[in-house]
Every structure is written in structure tokens, then in C-alpha cells.
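Some notes on the structure that comes next.
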Amino acid sequence: MSSLVERLYPLPATRRTPLSLLAWWESRRLLYNQVVGATGLVTLTGLFIAVPDRADLFAPPLLGAVIVYGLAANLCYTLGWVTEVAAWALWGREAPRMGPLLFRQGLIFAAGLTLLPLLVALFVLTVRTLLVVLGLVF
């Protein structure tokens, strides 16, 4: 448990060089991908259960979309260490230790964005069901 806490609330590297910052970020990429991937599985499972017409939902383009989304998420993750290295290059030792903050906020944003399609589908399903119950839609 403490290992997961240390990974989610990490201390920044004590010796800050571009290489140490890169190593710090890359040592957490697998955890990031695991969290975003697990969140994606929750979203896909929820959509499979919530969406009545599953044939359209799980058409072959879905696999391409999942791959593109995964690549885009990793590109955004890379921007985290690029931002921190740029700050270090610009301000040197005066640069804020922004790695842990960027990591946590980026992870929360990526997980939330990954859950968004499920939340939208559930909202639409709820509104549609409410309209049917009220007799406004047949």
C-alpha cells in the first residue's frame, strides 16, 4: 500500500537535472497507463451495459479510437516532463518542483476524461428514461 501512496504522492527528485527529471517521470509512466487503461475498461464495460444498440458501439473503428486515445494520453503525459524540464532550463534552481503536482493533476484529468463518455451516456439514458416515464417520448 505504501508503494502505491508513494507512487501517487511522490517526492520530486532531490538532484534535479534534465536526466533525473526524465527518469522520475518515466518511472511513473506504467502506473499512469495502468490507471488510464483500467478507467478505460470501466468506461467500455459501462457503455456495453448502458447502450441499447451495442452493434454500433463496438464496431471496428472502436479499436482504432482506443489506440489513438492511448497514444494521445501518452503524448500528454510526455508534456508533463517536457514542461518540468523547460521550467528547469528557464529558471534553474529557482524552478518550482512541479513534477508531483503535474503528475497528480494529469492523472486525475486523464482518468476523468476517460470516464466522460460513460457519464454522458448515462446522462442521456437517464433523460431518455425520464421522458418515457413522463410520457413525453414513445
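Miscellaneous remarks
- What the Cα convex hull of region 56-138 gives, in volume per residue, is 116 Å³.
- Modelled this way, with points 7 Å down the Cα-to-C-beta line, the labels at Leu122 and Thr83 are 2.7 nm from one another.
- Accessible-area value, Ile67, 1.4 Å probe, nucleic acids and ligands omitted, Å²: 100 Å²
The values are calculated or read from the model by the stated rules, or taken from the named source; none is laboratory data. Here the structure is a predicted model, which means the values were calculated and not measured. Because the Cβ atoms are built from the backbone with ideal geometry, glycine has one as well, and the counts that use them run over all protein chains shown. Surface accessibility is based on the protein's heavy atoms, side chains included, excluding ligands, DNA and RNA. Shrake-Rupley method; radii C 1.70, N 1.55, O 1.52, S 1.80 Å.
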